[in-house]
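First comes the structure, then the notes that go with it.
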Ligand code: GLC
Ligand code: MG
């Protein structure tokens with residue numbers, strides 16, 4: 001990753017379904033806690049890698065449904081597709097490696113002889129992945145027979161059973177673990193091996209992640225039987241792997257704390273958010289807290305008090321300029337007075353705000369330019385805008401808080417600009 005000029009402080013490699021994303025948590029509390037922690041303390045010097053069984057189609061769908069961050073690297077289709085950055089540029093070198101002893105047509109032909117196997121949807125059939133559903137009781141037997149048959153045909157495949165129902169057939173060199181090993185090798189060659197790597201998972205296709213040497217690992221509390229069984233048989237005595245007490249993304253935060261990998265208090269867990277103008281925040285931390293306050297103000301979760309308004313006035317330097325995504329220019333004073341009238345207007349609604357890809361750059365002795373993406377979720381709908389803010393430290397290192405000098409926001413897409421009247425700040 002060219003973005004970082006030195007080794008990442010922490011690289012998190014996380015599965016998505018039931019690890020980063022909890023489908024049993026309609027409020028997405030643990031995911032939002034993780035997001036706030038990542039953006040305030042890790043984004044600028046660490047790497048976020050999502051490693052999912054989903055194809056690009058289903059991955060993009062999940063991103064539309066859930067308040068997810070943008071990862072630096074996306075590994076999809078059970079470690080058979082690696083892409084980089086926002087634009088998801090594919091790693092061609094990886095695709096080539098996977099062609100060894102792989103012939104998709106033979107796999108399709110041989111598997112058609114098994115009535116126990118039901119083909120998954122077309123989107124999940126990929127160049128280096130053929131996927132089925134199979135009943136739990138038949139999985140072991142089918143795997144064994146298939147593996148013998150395909151070996152006889154000269155192929156070298158890997159068969160993975162996950163979630164008590166999914167059966168994936170991949171080239172032997174593929175899989176989430178191999179994809180991670182490939183990335184680590186690349187980083188090492190560039191002299192940028194991350195200082196710490198933490199892998200996170202819940203099901204069978206994640207097992208390989210935990211067998212990569214030197215990485216920390218967390219099996220979230222809700223991990224599937226097949227992963228726990230794999231761990232009991234293969235990695236029981238490895239002190240670098242824990243079975244978390246907490247579910248999904250909260251289990252990841254727990255592991256960060258357990259292994260001492262860095263800060264592990266999410267800004268969403270701070271009790272005194274309104275004291276946000278004070279103390280020891282990095283510019284990224286200030287951006288996270290500013291928008292978090294905005295969310296709880298509109299959700300009516302903080303008191304409608306003059307204190308808050310005064311504290312907001314104290315951080316917004318007059319005559320600071322605020323540019324609304326619609327292009328309208330306002331003074332901070334006008335903008336604050338608009339906000340005053342909106343206390344609790346999102347009460348009882350599914351309204352959330354989070355920031356993504358927060359990148360601070362120092363542009364003066366006490367001045368920072370912070371670029372980030374701001375997301376808002378109203379029920380099922382998500383909108384984002386690109387922002388840049390100029391923050392000035394009240395004292396030399398920001399320990400006395402920050403002043404917002406300028407805030408410029410632009411809709412990320414034309415669709416986003418369409419009649420989004422509830423968007424205030
Ligand atoms: C995801 C994929 C599916 C795969 C499963 C387990 O659900 O969509 O194709 O079988 O992960 O790896
Ligand atoms: Mg999972």
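Figures for the structure shown
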read-out	value
log₁₀ of I(q)/I(0) at q = 0.14, 0.18, 0.20, 0.22 Å⁻¹ - the range 69-160, Debye sum with one point per alpha carbon	-0.59, -0.88, -1.02, -1.14
Pair residue 87, residue 29: separation of 7 Å Cα→Cβ label points (nm)	4.1 nm
Distance between the range 331-373 and the range 185-212 - C-alpha centres, whole angstrom	34 Å
Rg followed by Dmax, in Å, when the range 174-252 is reduced to its Cα trace	12.7, 38
Degrees between helix 306-315 axis and first principal axis of the chain (Cα, 0 to 90, nearest 10)	80 degrees
MRE, 222 nm, helices only [DSSP H, n ≥ 4, -39500 (n - 2.57), over the chain, to nearest 500]	-9000 deg cm²/dmol
Nearest 10 degrees, 0 to 90: helix 283-298 Cα axis against the chain principal axis	80 degrees
Residues in the range 111-134 that a label on residue 149 would reach, taking backbone N under 12 Å of a point 7 Å out along Cα→Cβ	111-118
Tail fraction, Cα-Cα pairs, the chain, threshold 40 Å, whole percent	24 percent
Protection proxy ranking, peptides 244-251, 140-147, average beta carbon neighbours within 10 Å, highest first	244-251, 140-147
Fully extended contour minus Cα-Cα distance, from residue 113 to residue 378, at 0.36 nm per residue	90.6 nm
Label-point separation, residue 240 to residue 95 (7 Å along Cα→Cβ), nm	3.2 nm
At 0.692 mPa s and 37 °C, Stokes D of the range 153-208 from Kirkwood alpha-carbon radius, µm² per second	253 µm²/s
Chain lengthening between residue 232 and residue 165 when straightened (0.36 nm per residue, less Cα-Cα)	22.0 nm
Three-way shape call for the range 206-355 based on the alpha-carbon gyration tensor, with the a/c threshold at 1.5	prolate
Computed Rg/Rh of the range 85-211, alpha carbon atoms with Kirkwood Rh	1.00
In nm, spacing of pseudo-spin labels at residue 258 and residue 326 (7 Å Cα→C-beta vector)	4.9 nm
Potential extension, residue 304-residue 351 segment - 0.36 nm per residue separation minus Cα distance	15.1 nm
Global form of the range 1-127, assessed from the alpha-carbon gyration tensor, a/c cut-off 1.5	oblate
Mean Cβ neighbour count within 10 Å, used as a protection proxy, ranking 339-352, 78-91 highest first	78-91, 339-352
Between helix 136-152 and the chain: long-axis angle, C-alpha atoms, 0 to 90°, nearest 10	60 degrees
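Bear in mind that the values in this text are calculations on the coordinates, not laboratory data. Everything numeric here is computed off the predicted structure, so don't read it as measured data. Don't worry about glycine lacking a Cβ; one is built from the backbone with ideal geometry, like all the others, and counts go over all protein chains shown.
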